[in-house]
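Peer 1: I have a structure I would like to understand better, so I am pasting it below and will then ask my questions one at a time.
The values are calculated or read from the model by the stated rules, or taken from the named source; none is laboratory data. These numbers come from a predicted model, not from an experiment. Cβ sites come from the backbone with ideal geometry, for glycine too, and all protein chains shown count toward neighbours.
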Amino acid sequence: DTAVSQTPKYLVTQMGNDKSIKCEQNLGHDTMYWYKQDSKKFLKIMFSYNNKELIINETVPNRFSPKSPDKAHLNLHINSLELGDSAVYFCASSHKPLPGTLYNEQFFGPGTRLTVL
Amino acid sequence: GIQVEQSPPDLILQEGANSTLRCNFSDSVNNLQWFHQNPWGQLINLFYIPSGTKQNGRLSATTVATERYSLLYISSSQTTDSGVYFCAAQAGTALIFGKGTTLSVSS
C-alpha cells in the first residue's frame, strides 16, 4: 500500500527516558513534517523538512530532534521525556508544489500515541 | 501568523440530516485542506481545496479565498460520519489547524 506509516503505534515510557518514533512514506514526496496533537485534540506543527531545509517551530523544545536518513524517512527523537510530552504525534508528507502553486496536499500517517509516566 | 477558526465547535445530528461546517482564516492562503479524524484517531484527507468547489459523494466543499472562508457540506449524514472535522490552512511552511468541529450522528 502507498502511504505514510509510523512505528510504533503506541509508546509508553518513563519520565527521563529517550525514545524515537519512525516515519516512512512511499509516496515519492519531497517534504515531510511532524505534528503534535495534544489532549484537547489541537494539532500543531513541530517540524517541516525537505532535503534542503529543516524548519523548526520555535516553540518546540530542543529535546526534540528530527533525523532524516533519506528522502523517504523522517524520524523523531525525543530526549529526557517529560510528562507534558504525552500526546499523539503525526508524521505527514507532501509532494513538491505543482507549477504555478506554492504548496501541495499533505497526507498524514496513523499517529503514534506517546504516554509518559 | 495565520489564524484558523472553525464553527460550530460541536454538532449533533440525526442520521439522514444535512449539515454545514465553516472555516474562517485570517489571511490569504495557498493551501486549504479538510480532514476527518475518525474515532480511531486517523486523519483522513477529505478535500484539498485552496479555492473553488469540489464534491466527493455525500461531501462537498467550497472555498472563497477572497473572502477567507471555506465550507464543508455533509448531506444525508450517517453514523460513520461521526468524528472531528478539521480545517487546515497553509501560508508558510506547514498547515495551521483549526480546533475542529466534533460531529456526532445518531441512528
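Peer 1: Report, by residue number, each residue of the range B:21-77 that is of a type in the set (Phe, Trp, Tyr) and either within 12 Å of chain A (Cβ to nearest Cβ) or within 10 Å of the chain's Cα centre (by Cα) (or both).
Peer 2: Result: B:Trp34, B:Phe35, B:Trp40, B:Phe47, B:Tyr48, B:Tyr73.
Peer 1: Which of the following residues is loosely packed, with under 14 Cβ neighbours inside 10 Å and either of a type in the set (Ser, Thr, Tyr) or more than 24 Å from A:Leu98 (Cα to Cα) (or both): B:Thr101, B:Thr93, B:Thr63, B:Thr80?
Peer 2: B:Thr80
Peer 1: Only residues in the range A:101-117 that are surrounded by fewer than 21 Cβ atoms within 10 Å (Cβ to Cβ) count as the first member; pair them with residues that are among the charged types (D, E, K, R) and modelled with pLDDT of 95 or more, Cβ under 8 angstrom, at least 6 apart or cross-chain, and list the lot.
Peer 2: Between residues of the range A:101-117 that are surrounded by fewer than 21 Cβ atoms within 10 Å (Cβ to Cβ) and residues that are among the charged types (D, E, K, R) and modelled with pLDDT of 95 or more, the close pairs are A:Pro110/A:Lys9; A:Arg113/A:Lys9; A:Val116/A:Glu82; A:Val116/A:Asp85.
Peer 1: Specify which of the listed residues (B:Ser7, B:Ser51) is over 18 Å from A:Phe108 (Cβ atoms) and without any contact (Cβ under 8 Å) to a residue 40 or more places away in the chain.
Peer 2: B:Ser51
Conditions (1) at pLDDT 95 or above; (2) closer than 19 Å to B:Leu95 by Cβ; (3) loosely packed, with under 15 Cβ neighbours inside 10 Å, marked per residue:
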{"position": "A:Gln25", "(1), (2), (3)": "yes, yes, no"}
{"position": "A:Gln37", "(1), (2), (3)": "yes, yes, no"}
{"position": "A:Phe47", "(1), (2), (3)": "no, yes, no"}
{"position": "A:Lys52", "(1), (2), (3)": "no, no, yes"}
{"position": "A:Thr59", "(1), (2), (3)": "no, yes, yes"}
{"position": "A:His77", "(1), (2), (3)": "yes, no, yes"}
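Peer 1: Just wondering, is there one or more residues in the range B:34-46 that are farther than 27 Å from B:Ser107 by Cα and crowded, with 18+ Cβ neighbours inside 10 Å?
Peer 2: No: zero hits.
Peer 1: Checking the structure you have, find out if any residue of the range A:44-61 is of a type in the set (Val, Ile, Thr) and touching a residue at least 24 places away in the same chain (Cβ under 8 Å).
Peer 2: No, the conditions are met nowhere in the range A:44-61.
Peer 1: Just give me the residues in the range B:80-97 being within 13 Å of another protein chain (Cβ to nearest Cβ), in a loop (DSSP other than H, G, I, E, B) and more than 12 Å from A:Ile45 (Cα to Cα), in sequence order.
Peer 2: B:Ala91
Peer 1: If you scan the range B:66-77, which residues turn out to be surrounded by fewer than 13 Cβ atoms within 10 Å (Cβ to Cβ) and in contact with a Phe, Trp or Tyr (Cβ under 7 Å, 6 or more places away or on another chain)?
Peer 2: none
Peer 1: Let me ask something additional. List the strands (runs of 3 or more DSSP E) inside the range A:1-107, counting only whole elements, that have at least 1 residues being within 12 Å of chain B (Cβ to nearest Cβ) and within 12 Å of the chain's Cα centre (by Cα).
Peer 2: A:4-7, A:31-37, A:43-50, A:54-56, A:87-94
Peer 1: Still on this model: Would you check which residues across the range B:98-107 are within 14 Å of chain A (Cβ to nearest Cβ), part of a strand (DSSP E or B) and over 10 Å from the mean Cα position of the chain (by Cα) and list them?
Peer 2: B:Thr102, B:Leu103 - these are the residues of the range B:98-107 that are within 14 Å of chain A (Cβ to nearest Cβ), part of a strand (DSSP E or B) and over 10 Å from the mean Cα position of the chain (by Cα).
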